[in-house]
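Read-outs throughout are calculated quantities, based only on the coordinates presented, and are distinct from any laboratory measurement. Since we're looking at a predicted model, the values are computed, not measured. As a convention, Cβ positions derive from the backbone with ideal geometry for all residues, glycine included, and neighbour counts pool all protein chains shown.
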Amino acid sequence: MKRLLALFTLCLLLAFVNAAQANPDIWKNRGWGKTDFSKATVPFTEILSGGPPKDGIPAIDEPTFAAASDVENISGTEPVIRLELNGEVRAYPLRIMTWHEIVNDTVGGVPVAVTYCPLCNSAIVFERVVDGDETTFGTTGMLRNSDLVMYDRKTETWWQQFTGEAIIGERTGDILKMIPVRVVSFESFRSENPDGKVIQPDLANRPYGVNPYDGYDRRNRPYPFFTGKMPEGINPMARVIVIRDGKSVAAVSLAMVREKKSVDLDGVTVSWSEGVNSALDTRRIADGRDVGAVRVQKGGKDMVHDITFAFAFHAFHPDIAIVN
């Protein structure tokens, strides 16, 4: 309880001081001298400090892996991001992603950035290629709409994780290619892919397996990092499935899909199965309540999607109604 109160107080304090510090001159003195702030698609006042400085949440740049059959320190129902490319399959447990948010990797010969924003619960994988040039990504320590703002290390352009769009800097307006992934239970991944690779802890001083935002997804509203409008007709913290089909975006509530087990939306099949812990519920991720796994397919092929909170989807797509 004391920890939650301290976090809430910090959020309020940051919310008050952020507006005054949304200034490129201040940012340049904090390690952003290379970023071209003359180019932007969003107001600087929408960019809030999340607390950590540039790279304060360290991305993993040289990931190491173990075969799934050899991994014994992860509960079977814990969530992992399942990525398969060109016949190579890997898992990125949220117990690790929570503390790093970005993994720069190469899978099946494709350079990728595996990302997870705990405050939005959005797990998205991108090709880390910009205009034909390979790069890597790090964390800015900034948030917009409570979502992770990344930066590429080549131009130090700032990118919105939720949309994959460059919002400030030289590459402003560019959009990263998203790759279909699923969040599944570790046991499901291991049983299907015993030789599949599972990323291993990167730092000795991180409490992997612990959720630093305990109780977060049981709240009725996000932390005060979010200052936008709340969606109507649905709890802002309700999980919604965001379906991305090229430039087309839609969202359906997880609760509805969970009740029906399977939903068809204009040829897109969204299905739900039990057995995956929430990574944002209890202090120990392995004890989190069952929120299940989702699969989104069209024509038998997996589609790009992620499972986020209603407030986040509404913030980025205020004119699109959530199917509820």
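Mean sequence separation of contacting Cα pairs (under 8 Å, at least six apart), scaled by the length of the chain, corresponds to a relative contact order of 19 percent. Where (i) 14.8; (ii) 15.8; (iii) 18.1 are the candidate values, the label of the one calculated here for mean projected area of the Cα convex hull in nm² is (ii). Can you classify region 139-282 as rounded, prolate or oblate using the Cα gyration tensor, where a ≥ b ≥ c are the square roots of its eigenvalues, rounded means a/c under 1.5, and otherwise it's prolate if a/b beats b/c and oblate if not? The shape class here is rounded.
Sort region 214-324 into rounded, prolate or oblate with this rule: let a ≥ b ≥ c be the square roots of the eigenvalues of the Cα gyration tensor; rounded if a/c is under 1.5, and if a/c is not under 1.5, prolate when a/b is larger than b/c, oblate otherwise. In terms of gyration-tensor shape, oblate. Sorting 186-197, 80-91 by average packing, meaning the other beta carbons within 10 Å per residue, from highest down gives 80-91, 186-197. Between SER38 and VAL129, the C-beta separation translates, for a Förster distance of 25 Å, into a calculated FRET efficiency of about 0.55. Structural descriptor for region 197-322: relative contact order 30 percent, calculated from alpha carbon pairs under 8 angstrom and at least 6 residues apart. Computed from the C-beta positions of GLN297 and ASP195 and an R0 of 22 Å, the FRET efficiency is 0.35 to the nearest 0.05. The modelled label-to-label distance between GLU62 and ASN29, using points 7 Å beyond Cα along the C-beta direction, is 3.5 nm. Straight Cα distances below 17 angstrom link LYS197 to the aspartates and glutamates ASP61, GLU62, ASP70, GLU72, GLU78, GLU84, GLU88, ASP105, GLU187, with same-chain residues fewer than 8 positions distant left out. Taking 0.36 nm per residue of separation and subtracting the current Cα-Cα distance, fully stretching the chain between ARG218 and THR45 would add 59.4 nm. Quick check on region 2-182: take the gyration tensor over C-alpha atoms, sort the square-rooted eigenvalues as a ≥ b ≥ c, and tell me if it's rounded (a/c under 1.5), prolate or oblate. Cα axes put region 2-182 in the oblate bin.
Straight-distance candidates among the aspartates and glutamates for linking to LYS261, with alpha-carbon spacing under 14 Å and chain neighbours fewer than 8 residues away dropped: GLU274. Legend: ranking of residues ILE74, ILE234 from fewest to most surrounding C-beta atoms inside 10 Å; resulting order ILE234, ILE74. Entry note, region 2-182: relative contact order of 22 percent, from Cα contacts under 8 Å with a spacing of 6+ residues. Our note on the geometry: Cα centres of region 242-270 and region 131-185, 24 Å apart. Only lysines eight or more places from LYS154 in sequence, or on another chain, were considered; those with a Cα closer than 18 Å are LYS28, LYS34, LYS39, LYS54, LYS177.
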